[in-house]
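In what follows, a single structure is set out as structure tokens and then discussed.
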Amino acid sequence: MAKPSAKMVKVLMKIKIDSREQKPYKFENSETGALNIGDYSICGLEDCIAIERKELNDLIGCLTTGRDRFKKELHKGKALEYFALVVEASLSDLVNGHYRSQMGPKSAVQSLLAFSIRYRLPIFFCENREYAQRVTESLLCKYAREVEKKVEAIS
């Protein structure tokens, strides 16, 4: 049997989009349904991987007034094999305070650094929504490919 290529994995993989996601990305092969954690996952692997998407103002809200709820979500995400945060803004946008909040940029950065350690949370800053969608899809595809490699190794 031929090994699946990255392109084949992308075609075979179905992305699950949380039904509560307010501005869902559009993927070729996807379905909408409830996710326990995150905004995006892979159908059948929802208990293994999730990606949380945030616009910058929403992220800042999660670091201020919504901090307790966000920390609970990150704690749930830590139980997954892979959980990441994709931010629809550049790190420069964050550092330069291009958001609506009294929270200082230094405090925001330090909170994210602490969360990245405490919750094993990779954080991907993406210049814009389009790039954030590509990063989200790529992360899910690469995870699916790693799962396939593990299955092939034991088969």
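Odds and ends about this structure:
- Within region 26-74, tally of residues that are aliphatic (A, V, I, L, M) and touching a Ser or Thr at 6+ places or on another chain (Cβ under 7 Å): 7
- Test: Arg69 is basic (Lys, Arg), surrounded by fewer than 20 Cβ atoms within 10 Å (Cβ to Cβ) and either assigned to a loop (DSSP other than H, G, I, E, B) or in contact with an Asp or Glu (Cβ under 8 Å, 6 or more places away or on another chain) (or both): no
The rows are residues; the columns are (1) surrounded by 13 or more Cβ atoms within 10 Å (Cβ to Cβ); (2) in contact with a Gly (Cβ under 8 Å, 6 or more places away or on another chain); (3) in a loop (DSSP other than H, G, I, E, B); (4) modelled with pLDDT under 95.
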site	(1), (2), (3), (4)
Lys7	no, no, no, yes
Glu21	yes, no, yes, no
Tyr25	yes, no, yes, no
Glu28	no, no, yes, yes
Glu31	no, no, no, no
Glu46	yes, no, yes, no
Leu59	yes, no, no, no
Cys62	yes, no, no, no
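- Taken over region 85-106, the criterion of being out of contact with any helix residue (DSSP H, G or I) (no Cβ under 8 Å at 6 or more places or on another chain) and among the polar types (S, T, N, Q) is satisfied by Ser90, Ser92, Gln102.
- Selection status of Asn57, farther than 20 Å from Met13 by Cα and polar (S, T, N, Q): yes
- Yes/no for Ser41 being part of a loop (DSSP other than H, G, I, E, B) and of a type in the set (Ser, Thr, Tyr): no
- Residue match in region 87-104 (condition: under 15 Å from the mean Cα position of the chain (by Cα) and under 24 Å from Met13 (Cα atoms)): yes
- Scanning region 74-86 for residues being in a helix (DSSP H, G or I) and not basic (Lys, Arg) gives a total of 3.
- All of Glu130, Glu148, Glu152 fail the test of being acidic (Asp, Glu) and closer than 21 Å to Tyr25 by Cβ, apart from Glu130.
- Scope region 38-58; condition in contact with a strand residue (DSSP E or B) (Cβ under 7 Å, 6 or more places away or on another chain) and either within 11 Å of Leu121 (Cα to Cα) or without any contact (Cβ under 8 Å) to a residue 40 or more places away in the chain (or both); matching residues: Asp39, Cys43, Glu46, Ala50, Ile51, Glu52, Lys54
- Given (1) surrounded by 18 or more Cβ atoms within 10 Å (Cβ to Cβ); (2) of a type outside the set (Phe, Trp, Tyr); (3) under 13 Å from Ile49 (Cα atoms), index of the condition Lys142 fails: (1)
The values are calculated or read from the model by the stated rules, or taken from the named source; none is laboratory data. Predicted model only: the values in this text are computed from it and were never measured. Methodologically, a virtual Cβ is constructed for each residue, glycine included, from the backbone with ideal geometry; neighbour enumeration extends over all protein chains shown.
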